[in-house]
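The values are calculated or read from the model by the stated rules, or taken from the named source; none is laboratory data. Note that the structure is predicted; figures quoted are calculated from it, not measured. Neighbour counts are summed over all protein chains in view; Cβ atoms, including those assigned to glycine, are modelled from backbone coordinates with ideal geometry.
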Amino acid sequence: MITLNNIKKTYNKGQVTAVNNISFTVNPGELFGLIGPDGAGKTTLFRILTTLLLPDEGSATVAGLDIIKDYTKIRSKVGYMPGRFSLYQDLTIEENLNFFATVFGTTIKENYHLIKDIYQQIEPFKDRRAGKLSGGMKQKLALCCALIHKPAVLFLDEPTTGVDVVSRKEFWDMLGRLKQEGITILVSTPYMDEANLCDRIALIQKGTILSIDTPAAIVKAFPLELFAVRASKTHQLLKDVRAYPGTDTCFAFGDSLHVTFKDSAAQSSTSATNAAATNITHDGSPIPGASQGLLPYLQSKGETDATMEKIAPGIEDCFINLLKQ
């Protein structure tokens, strides 16, 4: 449904590379996620695929149509929800929806089944101006307007940024229902936890694709043992773990640190062997290898309450590891 072949886009006369030779495909009916931080190139890709920007190099098709030759046809086949709220703020909810239906030569009644679950949540406020809506309600209205002409492909650029947790969950539930209608969805997000809600994902940073696969396959490919380290003084713990000679990577994740160790630490002090007996994994087995010297090291620094356990990696751990590579 979507193909990209070596797409490249630069700004400032070539000084800034926003998208660098990106190629991937999105299958019909797939919920595909572009996962990466701000500035990774997600919005530039969306603007190219929705025919709002011309690429410097490469080619792409949407619904079998070339983004340059067939741009007018593409615009009638896609729904686009940009990252910034872009509806008419002086129009009411109902007026915005009627306007977009008219633009695409359809009516609310004709495709009401597509937006029913979403629209019913904001219908009690249909006479309220869009500019006076909350973030979650703006999001629902924008999605209704993007769907009202029954697009073949739906582009959602960071749709949940700045939205509360409940509205985020509701939004992803909606996407699941739209996928069942056969709509192909390309969504971008900086939230790593949302990656697991996609069929496949592309991890992107600085205009380059780091990995493309299912979330489960990306996690399975994580090549290192990962440990969660905790202590009461998290800030001091972070400094001490990073100073430990056997540490490879160490990043804060909530109230714990996610840590990997260097291969050379496998031959770290054998005197730590006995102390490592207090070092157990989540299934009760001893933690082997490079990590054995960390707890004694932390205890020598006065962090006697430090604990460590082996854990399964998440998408964010995989992203950090790919950046390092």
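Is it the case that the stretch 254-264 has a residue that's of a type in the set (Gly, Ala, Ser), at pLDDT below 90 and either closer than 13 Å to Tyr297 by Cα or not assigned by TED's automatic domain parsing to the domain that holds Ala306 (or both)?
Step one: filter the stretch 254-264 for residues of a type in the set (Gly, Ala, Ser), giving 254, 256, 264.
Now drop any that are not at pLDDT below 90, which leaves 254, 264.
Checking the rest, the ones that are also either closer than 13 Å to Tyr297 by Cα or not assigned by TED's automatic domain parsing to the domain that holds Ala306 (or both) come to none.
Looking through the stretch 254-264, none of the residues is of a type in the set (Gly, Ala, Ser), at pLDDT below 90 and either closer than 13 Å to Tyr297 by Cα or not assigned by TED's automatic domain parsing to the domain that holds Ala306 (or both).
Working carefully through the options Leu54, Leu4, Leu31, Leu65, find the one that is in contact with a helix residue (DSSP H, G or I) (Cβ under 9 Å, 6 or more places away or on another chain), exposed (fewer than 14 other Cβ atoms within 10 Å of the Cβ), farther than 12 Å from Asp157 by Cα and not hydroxyl-bearing (Ser, Thr, Tyr).
On the way: Leu4 fails: exposed (fewer than 14 other Cβ atoms within 10 Å of the Cβ); Leu31 fails: exposed (fewer than 14 other Cβ atoms within 10 Å of the Cβ); Leu65 fails: exposed (fewer than 14 other Cβ atoms within 10 Å of the Cβ).
Residue meeting the stated conditions: Leu54.
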Output for Cβ contacts, cut-off 6 Å, separation at least six or different chains, first residue at positive phi in the stretch 31-42, second surrounded by fewer than 24 Cβ atoms within 10 Å (Cβ to Cβ) and assigned to a loop (DSSP other than H, G, I, E, B), reads Gly41/Gly207
Flagged pairs (Cβ under 9 angstrom, 6 or more apart or on separate chains; first in the stretch 164-184, in the same structural domain as Val78 (by TED's automatic domain parsing); second modelled with pLDDT of 85 or more and of a type in the set (Lys, Arg)) are Ser167/Lys140; Glu170/Lys140; Phe171/Lys140; Met174/Lys140; Glu181/Lys150; Ile183/Lys150
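Go through the stretch 194-213 and give me each residue that's among the polar types (S, T, N, Q) and in contact with a helix residue (DSSP H, G or I) (Cβ under 9 Å, 6 or more places away or on another chain). Please lay out each step first, then the result.
Pass one, the stretch 194-213, residues among the polar types (S, T, N, Q): 196, 205, 208, 211.
Within the stretch 194-213, Asn196, Gln205, Ser211 qualify.
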Those residues of the stretch 236-250 which are exposed (fewer than 14 other Cβ atoms within 10 Å of the Cβ) and modelled with pLDDT of 90 or more amount to Lys239, Arg242, Ala243
query = Going by the structure shown, is Leu156 touching a residue at least 24 places away in the same chain (Cβ under 8 Å) and closer than 24 Å to Asp90 by Cβ?
reply = no
Taking the stretch 74-90 and keeping residues modelled with pLDDT under 85 and either surrounded by 21 or more Cβ atoms within 10 Å (Cβ to Cβ) or of a type outside the set (Phe, Trp, Tyr) (or both) leaves Gly83, Arg84, Ser86
Quick count over the stretch 156-176, residues being under 17 Å from Leu186 (Cα atoms), more than 13 Å from the chain's Cα centre (by Cα) and not aliphatic (A, V, I, L, M), is 3
Pairing a residue in the stretch 231-250 that is charged (D, E, K, R) with any residue that is part of a loop (DSSP other than H, G, I, E, B), where Cβ atoms lie under 7 Å and the two sit 6 or more apart in sequence or on different chains, gives Lys233/Glu303; Asp240/Lys301; Asp240/Glu303; Asp248/Lys262
